[in-house]
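Below you'll find the structure, written out as structure tokens, and then a few comments.
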């Protein structure tokens, strides 16, 4: 099994696999997307775009796009959007969802020119990269000067998730993905700012307000979501379920020729 570069202050959950180390992550994600998918409510992806506020006519990249909902919603806002995912199965689902502009690629070796995108999104995937630092460096590389990146990552000390799970069961939340990390706010800030991004703003995420009748019905069938949404205004940023970082490319970042 390969060694994983990681911040020693983070919680790391790694699942055993029967796949060869060279391609186990991709194949594990193919299995996950083939069996049940990895997708949140559409209201979540609309919330992400509201925070980033990409302007019509600009160019957005969704890193590890999963089933392509960010790309679909950004396109509806007249933002030129491209997504890619390591998983072929996820990319096929995303292509059907969006009608195109989807690639199969590795977030640690992005097939795009330097300083190409006005906006970059990475929501709920950086913590699953084998080399997170390299993934951040690649996001910084493809982001134009003055562009913005929105990055969503999970908190070690989330009061309604990890702390609650530890109280009940004695361990952190395991979301079933091949490799999972949790960090405190400063852990994530250090990772981002040591690898080419400058944090402009940090906020919290618990649950998004539902924006469609379908999503309202999903909330009504899950009392935990309703509790998290109701308690969200009372939870300090450092105890939130996730952090969202709005970042710029650091002015002194070294870019390849």
From 89, 71, residue being more than 23 Å from residue 145 (Cβ to Cβ), at pLDDT 95 or above and touching a strand residue (DSSP E or B) at 6+ places or on another chain (Cβ under 8 Å): 71
Options 140, 149; residue that is in contact with a helix residue (DSSP H, G or I) (Cβ under 6 Å, 6 or more places away or on another chain), closer than 22 Å to residue 52 by Cα and in contact (Cβ under 8 Å) with a residue 60 or more places away in the chain: 149
Given (1) surrounded by 23 or more Cβ atoms within 10 Å (Cβ to Cβ); (2) free of Cβ contacts under 8 Å to residues at least 60 places away in the same chain, number of the condition residue 123 does not satisfy: (2)
Any hit, the range 156-173, residues being within 14 Å of the chain's Cα centre (by Cα) and in contact (Cβ under 8 Å) with a residue 60 or more places away in the chain: no
The range 53-93, residues that are under 12 Å from residue 121 (Cα atoms), touching a residue at least 60 places away in the same chain (Cβ under 8 Å) and surrounded by fewer than 20 Cβ atoms within 10 Å (Cβ to Cβ): 59
Single residue of the range 129-175 satisfying the filter (modelled with pLDDT under 95 and part of a helix (DSSP H, G or I)) that is farthest from residue 239 (Cα to Cα): 169
Members of the range 7-37 that are at pLDDT below 85 and either touching a helix residue (DSSP H, G or I) at 6+ places or on another chain (Cβ under 7 Å) or more than 19 Å from residue 106 (Cα to Cα) (or both): 7, 8, 9, 15, 16, 17, 18, 19
Any hit, the range 178-189, residues being more than 30 Å from residue 19 (Cβ to Cβ), assigned to a helix (DSSP H, G or I), free of Cβ contacts under 8 Å to residues at least 40 places away in the same chain and more than 20 Å from the chain's Cα centre (by Cα): no
Restricting the range 101-124 to residues that are in a loop (DSSP other than H, G, I, E, B) and within 19 Å of residue 56 (Cα to Cα), the residue that is modelled with the lowest pLDDT: 101
Residue count, the range 23-68 (criterion: part of a helix (DSSP H, G or I), in contact with a strand residue (DSSP E or B) (Cβ under 9 Å, 6 or more places away or on another chain) and within 22 Å of residue 145 (Cα to Cα)): 4
Identity of the residue in the range 194-224, out of contact with any helix residue (DSSP H, G or I) (no Cβ under 7 Å at 6 or more places or on another chain) and assigned to a helix (DSSP H, G or I), that ends up surrounded by the most Cβ atoms within 10 Å (Cβ to Cβ): 218
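The values are calculated or read from the model by the stated rules, or taken from the named source; none is laboratory data. If you're wondering where the values come from, they're calculated on a predicted model, not measured in any experiment. No Cβ is skipped: glycine too gets one built from the backbone with ideal geometry, and neighbour counts run over all protein chains shown.
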